[in-house]
Each structure stands twice: as C-alpha cells, then as structure tokens.
1. Can you tell me which residue within the stretch 154-186, out of those that are within 13 Å of the ligand (Cβ to nearest atom) and closer than 16 Å to Ala267 by Cα, is surrounded by the most Cβ atoms within 10 Å (Cβ to Cβ)?
2. Would you kindly identify the helices (runs of 4 or more DSSP H) lying entirely within the stretch 154-270 that contain at least 3 residues that are over 30 Å from Ile17 (Cβ atoms) and in contact (Cβ under 8 Å) with a residue 24 or more places away in the chain?
3. Would you point out which residue out of Ser130, Ser135, Ser178, Ser192 is within 23 Å of Arg90 (Cα to Cα) and out of contact with any Asp or Glu (no Cβ under 7 Å at 6 or more places or on another chain)?
4. Sort through Ala53, Ala80 and tell me the only one that's under 11 Å from His141 (Cβ atoms), in a helix (DSSP H, G or I), of a type in the set (Gly, Ala, Ser) and touching a residue at least 12 places away in the same chain (Cβ under 8 Å).
5. Give the stretch 125-153 a look and list any residue that's within 11 Å of the ligand (Cβ to nearest atom) and either in contact with a helix residue (DSSP H, G or I) (Cβ under 6 Å, 6 or more places away or on another chain) or outside any loop (DSSP other than H, G, I, E, B) (or both), or say none.
6. What do you reckon, is Ala56 within 9 Å of the ligand (Cβ to nearest atom) and on the phi < 0 side of the Ramachandran plot?
Amino acid sequence: MANPLSTPGENYRCNNIEQAITQALEQARKDQQPFDPALIAALDQFHIGGLPATLAMLEIAGLDSDDLLLDVGCGLGGPARVIATQTGCRVVGVDLSADYCSAAELISKRLNLAARTQFTQANALALPFSENHFSALWAQHVTMNIEKKAALWQEFARVLNHDGKLLMYEVMLGDGNSDRIEYPMPWTRQASTSFLASADDYRESLSSCGFDISIWQDVSSEALESVSRVVEMLSQGKIKQPNLSLLLGDQYQPMMLNLAKALRENALQVVQVVAHNG
Ligand SMILES: C[S@@+](CC[C@H](N)C(=O)[O-])C[C@H]1O[C@@H](n2cnc3c(N)ncnc32)[C@H](O)[C@@H]1O
C-alpha cells in the first residue's frame, strides 16, 4: 500500500482521506444496520489500547450528560463519539490536522452523531474558545507531539471552568532517557518532532500551572499487552480492516515494533491522569 503520509514532520497529513474513509465505512458496514462504531475502532481510536483504553479512561473520568467536553488532538473523532454516546455529554474536538477534522466530521455524520460531536481545526496552544468554556478537557496521546507543556497547561486552564476536569491518557518517558527511543513511532517519524517528557516533568509542570492531580495510574503493562497483540496480528496479516495503516501506510508495522520494544524495555510508560483546574 502506498504511504499516504509524505513529508517528515507532517505525520498526521493524509491525502484523499475522505474517499478512503468513505470506502472503509462502506466495507465495515456490510449488512450491519445500525452501524456498530466498534467496526472502525481499529482506525478511529488512534492510541495504544484502542476502544478498551478509551472506555477505561471513561470509567475514571466521572463525566455526565451536563458536561461540555473539549477533546484536544481528537484525531478521527473515535474517542469523541464514544464519550458522547456513553455519557450523553456534548463533545467538541479540535485537531491540528484539517484532514483528520474533515474525516471526523464525515464519520460522525454517517453515524448520526453530528449533533453531539463537532470538530474544528485548531492548535492546542491557541484554542479558539473563550475562558471557562468547558467543564472537562480530554487529551489522549497528543501531548508528546507538543514541546511547550507549560504553555499547553496554561491554555487548558484558560478554557476550563474553575475545578474543571483534565483527563489525559498519555505516553511518557519511562526511565527518563530519550536516547533509547527508536523511531518511527506512531506519533512521529523522527526524534526531532517527538516531545516526550518524564512523569516527574508532567507532575511538576501540571502542579505549577495550578492543576491538582487526583488520579495517576500507570497502565504500561496493559499497553504493552495491547501493542504486542497488534504486532502479532500485523505480522500474521490478521489485523482487522479498516485500521491505522490507512493513515500510517507501510510505517505502521515498524512504528508498532518500536513502540513494543520501548514499552518492554521501560523506555516508555503509559499513564492515565485525572486533574482539576485549581
Ligand atoms: C496519536 S493521534 C491521537 C488522536 C486521538 N486523540 C485518538 O486517541 O484517537 C494525535 C493527534 O494529535 C494531533 N495534534 C498534534 N499536535 C497538535 C496540536 N498542537 N494541536 C492540536 N492537535 C494536535 C494530531 O494531529 C493527531 O490527530
């Protein structure tokens, strides 16, 4: 399969994504009426652990139908749709990639979820919303793409209500040594555009920006299990279609191999975080 992602540093660009998604949806739908969103989870849940990881995060999130949630770095909108359907809350997704936002809108429309999930192209460091706009903010596998963590937390704090919830499921440095990480990784092709930080750095910078951390759960062993399963399915050619190779092309397999190695060697860790805007 030709790699639809070309230039390094543009890991999340994808040409003809709408056509590819339309075909993938039609293929996945088959005779299913109504359409089951789980059928495209291997594609639109773009993070370690897929749909079960989003559901696990929801279990500790404590969201309800009154919440207005911002999903920062929403990708194709899979998590946003799950949050909206499971909790009844309204979800706004933003992503730097205009391609992904269009695809997210298209999928939500097809699944009759357009009224409950909206998607806008925006940079997480300059969110196009007023102060105190959201009661909760979700960031799943996005902060390792962003260098200026303190500026990011300040922007999150600005758009969140006082005491609003920050819900994160993120990849961090395991032993603090970034030299041991090999690329490509699913979030970037090269080290120069990867901004991994240690758990201590996350904790310290979140606290100095006024966030009180109430839950901090290391889920690295679950992450390794899940990545190892994907590696095995990829090597046996048994991975469910459509999947992330639609976005990542022939780099998907080397990315997952590097990810499995880094998790196995504790060079990376995966953490669930719940914090409150102080
Ligand atoms: C690994 S994907 C995760 C997508 C989604 N959160 C999920 O779990 O399915 C990371 C996403 O973060 C987005 N992203 C990276 N840097 C960003 C930024 N500065 N502002 C907004 N989105 C960003 C990328 O475009 C990409 O869609």
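The values are calculated or read from the model by the stated rules, or taken from the named source; none is laboratory data. Owing to the predicted nature of the structure, the values given are computational and were not obtained by experimental measurement. Heads up, the Cβs are rebuilt from the backbone with ideal geometry, glycines too, and the neighbour counts pull from every protein chain shown.
1. Top of the filtered list is Val171.
2. Qualifying helices (runs of 4 or more DSSP H): 199-208.
3. Details: Ser135 fails: out of contact with any Asp or Glu (no Cβ under 7 Å at 6 or more places or on another chain); Ser178 fails: within 23 Å of Arg90 (Cα to Cα); Ser192 fails: within 23 Å of Arg90 (Cα to Cα).
After applying the criteria, what remains is Ser130.
4. On the way: Ala80 fails: under 11 Å from His141 (Cβ atoms).
Every option except Ala53 fails the conditions.
5. Leu125, Leu127, Trp138, Ala139, Gln140, Thr143, Met144, Asn145, Ile146, Ala151, Leu152
6. Details: within 9 Å of the ligand (Cβ to nearest atom): no; on the phi < 0 side of the Ramachandran plot: yes.
Against the criterion (within 9 Å of the ligand (Cβ to nearest atom) and on the phi < 0 side of the Ramachandran plot), Ala56 does not qualify.
Residue-wise test of (1) acidic (Asp, Glu); (2) at pLDDT below 95; (3) in contact with a His (Cβ under 6 Å, 6 or more places away or on another chain).
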residue	(1), (2), (3)
Ser208	no, no, no
Glu225	yes, no, no
Gln241	no, yes, no
Gly249	no, yes, no
Tyr252	no, no, no
Met255	no, no, no
Val270	no, no, no
